[in-house]
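Asker: The structure is given below, and queries will be raised subsequently.
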Amino acid sequence: MSNIKMHSTMRVFHRYLGYFLAGIMAVYALSGTAMIFRETNFLKQEKQIERQLRPNIKPGDLGRELRMRDLTVTLETPAVINFKQGQGTYNKSTGVVTYTSKQWPYFIEKLTRLHKADTHSPLFFLNVFFAMSLLFFVISSFWMFLPKTSIFKKGLYFTLAGMVLTILLLMV
């Protein structure tokens, strides 16, 4: 394949894959922005939770059962364990636990699962496809202009600057 034909082919693939991925990139941008604020209460709503656990769970095991990190017990009596997270209570004899949780609205929660998807999720395939498409964008961008042009050379400087900035931010 001639050099000019290769440039032309890569430009076509780059263009149409870019159009196809524009919607996916917009969704990832929104979900990624939401994920930045996951440790805050931004856009979160309070929800009262009541769950049935097994009776007589020890205070040290309660956090693991509720999947709450660093659960802090504030008061323990023979009948009840009170904990700080969600101002919750656990009844030792019945196993009923009630607490308040702050959660994102349904749609935002679904968006954030894009970034949390693992191999057990059907979104796993979308994440792999998206990552490979972005890698193709990186590679195909070097075929957008002929190597002897000034635009190509400036593009290499911008590529180097992006790499250096990323490495610097990773080291901070």
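Asker: Could you tell me how many of the residues in region 104-134 are among the small types (Gly, Ala, Ser), within 29 Å of Met10 (Cβ to Cβ) and either surrounded by 11 or more Cβ atoms within 10 Å (Cβ to Cβ) or in contact with a helix residue (DSSP H, G or I) (Cβ under 7 Å, 6 or more places away or on another chain) (or both)?
Answerer: 1
Asker: Out of Arg11, Arg54, Arg64, Arg69, which single residue is basic (Lys, Arg) and farther than 29 Å from Phe124 by Cα?
Answerer: Exactly one of Arg11, Arg54, Arg64, Arg69 is basic (Lys, Arg) and farther than 29 Å from Phe124 by Cα, namely Arg54.
Asker: Which residue pairs have Cβ atoms closer than 7 Å, lie 6 or more positions apart in sequence or on different chains, and pair a first residue in region 87-101 that is of a type in the set (A, V, I, L, M, F, W, C) with a second residue that is loosely packed, with under 14 Cβ neighbours inside 10 Å?
Answerer: Pairs that qualify, where the first residue is of a type in the set (A, V, I, L, M, F, W, C) and the partner is loosely packed, with under 14 Cβ neighbours inside 10 Å, are Val96/Glu50; Val96/Gln52; Val97/Arg51.
Asker: Give me a count of the residues in region 136-172 that are part of a helix (DSSP H, G or I), among the hydrophobic types (A, V, I, L, M, F, W, C) and at pLDDT below 90.
Answerer: Of the residues in that region, 5 qualify.
Asker: Follow-up question, since we're still on this one. When you scan region 1-90 for strands (runs of 3 or more DSSP E) that lie fully inside it, which ones turn up with 1 or more residues that are among the hydroxyl-bearing types (Ser, Thr, Tyr)?
Answerer: Fully inside region 1-90 and qualifying: 73-76.
Asker: Further, regarding this structure: Which residue, of Phe20, Phe83, is over 21 Å from Phe137 (Cβ atoms), free of Cβ contacts under 8 Å to residues at least 60 places away in the same chain and aromatic (Phe, Trp, Tyr)?
Answerer: Matching residue, one of Phe20, Phe83: Phe83.
Asker: Right, here's the next one. How many residues are surrounded by 10 or more Cβ atoms within 10 Å (Cβ to Cβ) and either over 23 Å from the mean Cα position of the chain (by Cα) or in contact (Cβ under 8 Å) with a residue 40 or more places away in the chain (or both) when one looks only at region 59-74?
Answerer: Number satisfying all stated conditions: 9.
The values are calculated or read from the model by the stated rules, or taken from the named source; none is laboratory data. As the structure is a computational prediction, the values presented were derived from the model and not from experiment. Note that we place each Cβ from the backbone using ideal geometry, even for glycine, and neighbour counts take in every protein chain shown.
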